[in-house]
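The values are calculated or read from the model by the stated rules, or taken from the named source; none is laboratory data. Because the structure is predicted, anything quoted here is derived from the model rather than measured. Neighbour counts run over all protein chains shown; Cβ positions are idealised from the backbone, glycine included. SASA here: full protein model, heavy atoms, side chains in, ligands and nucleic acids out. Shrake-Rupley method; radii C 1.70, N 1.55, O 1.52, S 1.80 Å.
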Amino acid sequence: MKYTLSIIIITATLLASCTAPKTEKLPYLGKKELVDGVEQNYKIPQFSLMTQDSTMIDNKSMSPNIYVADFFFISCPSICPKVKKQMLRIYDRFEDEPRFKLISHTLDPKRDTIQRLKQYAENLEVDHDKWYFARTDQDTVMDLAFSYFVNAFVDNEAPGGFDHSGKIILIDQEGHVRGFCEGTEPDSVTPFMDDIEALLDEIKTKK
Amino acid sequence: MCYFCSCETGTYVQGKTLYEFHCESCHMADGSGLAKLIPPLQSDYYDDNYDKLSCIIRNGLNERIIVNGKPYEQEMPYNLGLSDFEIVNIINYMDNVLLKKDRYKSLQSVRDELAGCSY
């Protein structure tokens with residue numbers, strides 16, 4: 001019950017931030033946390049994942065960069081290809097930005113081996129050092145999805161065995177959540193790309 | 001008044017709805033597909049296999065195919081639940097609205113194709 005309530009609050013905060021005027025600095029999304037008595041913006045928790053190149057990435061290796069994240073699985077017959085098409089659109093627009101990366105997390109590590117992820121990335125024809133296809137164990141990726149506010153469940157009734165949302169999340173160089181959009185809706189991705197642009201400007205001026 | 005309504009020749013209402021529900025997630029609203037993972041509908045393969053479309057839609061496809069010069073080998077799922085009638089509406093929607101081919105497949109030719117599917 002408490003859990004449901006907190007999800008409602010988080011969702012409400014996320015939705016409210018959508019309508020913020022564009023000229024302002026991007027908002028910090030998620031619930032504030034108390035660390036040693038000091039209020040801090042929500043951060044993505046510690047992660048350590050293996051990519052399609054069999055190299056490890058973690059919060060620290062990502063941290064000079066900003067990145068967008070999504071959750072998918074290769075055999076997903078429902079929303080995933082649509083979301084990937086939008087991720088590809090984002091990739092194409094920011095391909096030449098050295099401080100911009102993408103992470104697609106597989107929700108189905110049993111079937112999506114590193115080798116299959118590599119093949120998948122090659123079929124998308126994207127740079128392996130810009131767009132990571134990341135894998136960890138089942139429980140960890142489910143928890144990680146929640147920490148990105150993506151609902152994901154193992155559901156044998158759902159197409160492909162998983163039920164999940166197609167959100168694309170924007171994370172800044174310090175691990176804060178700064179924006180999101182619905183990857184299934186191209187119209188929501190357009191303003192989201194402006195948010196990415198704004199965040200890139202923000203980190204450039206900060207250096 | 002509305003002789004052709006049952007075949008959706010004018011507006012392709014049923015074909016559009018079915019396409020959105022069964023095909024769009026992979027082939028995209030405009031039929032463009034996704035890189036080397038999902039083939040575009042605007043293709044040489046589509047035209048060359050025009051008389052096999054009914055079989056592809058009903059039974060799916062799981063073989064290496066070359067579409068517009070690129071290889072594809074992901075699996076397309078089957079749609080056993082679609083009736084002959086629904087298949088004809090999907091094909092005519094794709095042909096006329098997405099691909100602007102201005103050609104029309106009849107229910108009878110879909111039935112003939114389905115009777116002869118090789119798998």
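Structure notes:
- Per residue of A:154-161, other chain Cβ atoms within 10 Å of the residue Cβ number 0 on average.
- A 1.4 Å probe, protein heavy atoms only, puts the accessible area of residue A:127 near 70 Å².
- Vicinal HN-Hα couplings computed from phi for the range B:67-78 (Karplus, 6.51 cos²θ - 1.76 cosθ + 1.60; Hz; Gly/Pro x): 10, 6, x, 10, x, 10, 9, 5, 8, 9, x, 7
- Residues considered: A:98, A:64, A:81. Largest GNM mean-square fluctuation over chain A, using C-alpha springs under 10 Å, is found at A:98.
- Extension gain for the segment residue A:113 to residue A:187, taken as residue separation times 0.36 nm less the Cα-Cα distance, is 23.4 nm to one decimal.
- Inter-chain shielding of A:120-127 (mean C-beta neighbours from other protein chains, 10 Å cut-off): 3
- Amide H within-cut-off set for residue A:131, under 5 Å, with H built and near neighbours excluded: A:102
- Size of electric dipole in chain A: Cβ of Lys, Arg +1 and of Asp, Glu -1, about Cα centre, debye, nearest 20: 160
- Filtered trypsin sites (Lys or Arg not before Pro), the range A:70-131: DSSP coil and at most 14 other beta carbons within 10 Å: A:99, A:110, A:111
- Annotation note: GluC sites (Glu not before Pro) in the range A:71-135 located in DSSP loop regions with a Cβ neighbour count of at most 15 within 10 Å are A:95, A:125.
- Estimated [θ] at 222 nm from DSSP helical runs (n ≥ 4, -39500 (n - 2.57)) normalised by residues in chain A, nearest 500: -12000 deg cm²/dmol
- Only alpha carbons enter this Debye calculation for chain B, each as an equal point scatterer, and the log10 of I(q)/I(0) it gives at q = 0.09, 0.17, 0.20 Å⁻¹ is -0.22, -0.83, -1.17.
- Note on residue A:25 and residue A:151: with the Förster distance fixed at 25 Å, the Cβ-Cβ geometry gives a FRET efficiency of about 0.35.
- Backbone amide hydrogens, once placed in the peptide plane, bring residue A:105 within less than 5 Å of A:70, A:71, A:72, A:134, excluding anything fewer than 5 places away on its chain.
- Within chain B, helix-based [θ] at 222 nm, where runs of 4 or more DSSP H residues each add -39,500 (n - 2.57), nearest 500: -10000 deg cm²/dmol
- The protein assembly as shown shape via C-alpha gyration tensor axes, a/c threshold 1.5: prolate
- Dipole check for chain B: with +1 at the C-beta of Lys and Arg, -1 at the C-beta of Asp and Glu, and the Cα centre as origin, the magnitude is about 80 Debye.
- Rough spin-label spacing in nm, given labels placed 7 Å along Cα→Cβ, for residue B:24 and residue A:56: 4.4
- Of all the options B:91, B:56, B:65, the one that moves most in a Gaussian network model of chain B with Cα springs shorter than 10 angstrom is B:65.
- Rounded to whole Hz, the Karplus (6.51, -1.76, 1.60) HN-Hα couplings of the range B:11-20, x for glycine and proline: 10, 6, 4, 5, x, 5, 4, 5, 4, 4
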